[in-house]
Each structure stands twice: as C-alpha cells, then as structure tokens.
Amino acid sequence: MFAFTRATQRARARLAGGVSLTARVRSAMAAALAASALLGALFGPAAAHAADTAITVVAAENFYGDVVKQIGGNYVNVTSILSNPDQDPHLFEASPKTARALQHARVVVYNGADYDPWMTRLLGATAAQSSQRTVIVAADLVGKKPGDNPHLWYDPQTMPAVARAVGAALDAADPAHKSVYDANLATFLGSLKPIDAKVAALRAQFKGQPVTATEPVFGYMSDAIGLDMRNLRFQLAAMNDTEASASDIAAFERDLREHRVRVLIYNSQATEALTRRMLALAKQSKLPTVSVTETQPAGVNFQQWMLAQLDSLGKALATR
C-alpha cells in the first residue's frame with residue numbers, strides 16, 4: 001500500500017533535506033502563502049455582502065459544483081473554484097473572487113483526502129459565518145482519509161453520496177423548495193445508471209486486462225472495472241512530484257514496448273517531461289492511449305464527462 005501525499009508535504013521534506021524545489025512544488029507553496037495573505041485582507045468586517053435570494057454555494061472542484069447545480073437548479077448560485085480543464089489543479093492560486101464567494105456561502109462542497117487542503121485555511125478564515133454554513137466533504141462521506149487515493153470522483157460510489165448530502169443541505173437551507181430539490185436529486189441519481197451500466201459492461205468484457213497509467217487519477221474507476229493496473233510506484237511518484245526510480249521507469253517502458261499492457265491512461269492536465277516520454281513511446285509502440293482529466297471539461301455535465309471517458313477506454317481496450 002502506497003501513500004498518496006500532496007505536493008506541499010513533499011515541499012517540506014525537500015526543504016528539510018536541502019534539495020531544490022521543482023517548479024510545481026514552488027508554485028504550490030507560493031499559492032498557499034498567497035492564499036493566507038489574501039484571506040487576511042479580504043475577511044474583515046468591512047467585506048461587502050451582496051443580497052441574493054438564491055442559496056450561495058461554493059464547490060472546490062467544478063464537478064461537485066455541477067452536481068449542486070443539477071440538484072439546486074435556479075435556486076442555487078454556485079461558484080466552482082477549480083474549473084479550468086487545461087490547468088494542473090495542483091497549481092491553484094486563490095483569488096479575491098474565490099475568497100469573497102466563500103465568505104458568504106451557505107453550502108460548501110470539497111473533495112478532502114488532502115486533495116484540496118487549502119480549503120481548510122479558506123474555511124478557517126470565515127469562521128464567523130460558519131454557524132449558518134453546511135460543509136460537505138466527499139472524503140468523509142465515503143470513508144477516505146489523507147494517504148488514500150484522493151481522486152474520489154472517479155469512484156462510482158462517491159457522487160451518489162455527495163448528491164444525497166447536497167440534497168439534504170439544500171432542503172435544510174431552503175425548506176420552501178424541498179420538493180424541487182428532492183425531485184432533482186431523484187433525477188440525478190437515476191442519470192448515473194448509464195455510468196454504472198457502462199462500468200458493468202466493461203467489467204464483463206475486460207476484467208483482469210492489464211493497463212497502466214501516468215498518474216492514479218483513474219484508479220478507482222479502473223478498480224471498479226476490474227482492470228489490472230500496473231506501475232503504481234511510477235504513478236505515485238508522478239502525482240507527488242517526486243522522481244520515479246530507474247527500475248520503475250524501465251518497468252513502465254518495458255510494458256509499453258512489449259505490449260504487456262492493453263492501454264496507457266494519462267492525465268492530460270499534467271503532461272510533464274516523463275509523461276510525454278511515455279506517451280511518445282506508446283505511440284511508437286502503437287499502443288492505445290486514453291486521456292483523463294482532473295477537472296470537468298466545459299460544455300458537458302458530470303455524467304457526460306464520465307461516459308465519454310469510459311467510451312474512450314472501451315474503444316482502446318477493444319483495439320488489437
């Protein structure tokens with residue numbers, strides 16, 4: 001069992017050891033410091049509060065924000081902090097807009113499991129408003145903790161749990177529209193059935209097939225399908241911004257060259273040098289690749305996003 005740590009934890013270790021930081025870690029640390037300074041400036045008593053009849057909701061990640069919108073409809077005003085599918089989420093920097101939105105949020109949804117630890121600082125700075133605020137942490141709902149794979153939205157069990165918690169929070173915040181929220185929740189839960197059906201179909205056809213990935217983003221979904229995921233040490237090194245060992249790199253390359261895996265799954269939001277190297281090798285070896293992202297793309301909802309990635313995986317696995 002390997003621990004899934006975050007870039008800021010690695011930064012502390014490197015500072016203690018006197019090793020120079022990578023650009024990714026330096027940016028993560030700078031973001032944390034900037035967020036701290038930003039909060040001190042923005043959360044004073046003079047902060048403006050715009051009156052709004054809709055329930056103000058802040059989601060750390062846009063896929064959770066999308067779930068809130070689908071359940072809350074016109075009765076919610078949702079701000080999603082991480083929403084750019086072309087940006088590495090680990091390089092997030094807080095903005096004044098983010099801080100202001102969170103200050104008056106009635107409902108807050110975030111991932112937890114140390115994926116978005118900056119939320120703790122942001123929420124702590126708005127403690128005065130916390131008595132009327134409901135905070136939903138996906139990791140708490142599904143029993144995950146720091147050290148577990150934090151990419152919880154790829155676990156088919158996560159979104160139903162988050163959706164039910166969101167429905168309950170909206171019911172409590174706005175009892176007058178409870179019937180609307182309850183109906184939308186039922187609709188949302190029903191709309192997840194095609195995802196479950198696709199996972200079951202892929203499992204029936206491809207269970208036990210070997211695959212590999214540049215990072216463990218798709219790990220929970222891979223487990224649900226029953227795939228044999230290889231090169232986990234390499235994946236964790238890439239995610240935690242540490243150097244993979246020479247033996248792990250060689251094993252990964254051997255899997256690609258000798259077609260010991262059926263598909264290479266890669267995080268297209270974090271294509272650093274070693275990832276690009278593996279993608280080039282996969283192309284050279286005529287091995288199918290499948291892109292997955294940590295942020296929901298624009299123009300689609302959560303269900304469409306998941307189904308599109310599962311469809312791409314199915315096509316890649318069927319390639320001979």
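Since every read-out is calculated from the coordinates, none of them should be taken as a lab result. Treat the numbers as computed from the prediction; the structure is a model and nothing was measured. All Cβ positions, glycine included, derive from the backbone under ideal geometry; neighbour counts span all protein chains shown.
For the reader, a short list of remarks on this structure follows.
- Euclidean distance between Cα centres, segment 136-176 to segment 242-305, Å: 28 Å
- Between K207 and S179, residue separation times 0.36 nm minus the direct Cα-Cα distance comes to 6.0 nm.
- T187 paired with R260, simple spin-label distance in nm, labels 7 Å along Cα-to-beta-carbon: 5.0 nm
- Cβ-derived FRET efficiency at R0 30 Å, K145 paired with A246, nearest 0.05: 0.40
- Cβ crowding within 10 Å ranks V109, V162, V199 as V199, V162, V109, fewest other Cβ atoms first.
- Going from the residue with the fewest nearby Cβ atoms within 10 Å to the one with the most, E272, E258, E215 rank E258, E272, E215.
- At R0 = 30 Å, FRET efficiency that the Cβ-Cβ distance of R230 and R164 yields, to 0.05: 0.30
- 19 Å Cα-Cα reach of K198 towards aspartates and glutamates, excluding residues that sit fewer than 8 places from it in its own chain: D155, D223, D228, D311
- Count Lys and Arg as plus one, Asp and Glu as minus one, and take only other residues whose Cβ is under 15 Å from that of I225; the net charge is then +1.
- Cα gyration tensor shape for segment 93-248, rounded if a/c is under 1.5, else prolate or oblate: oblate
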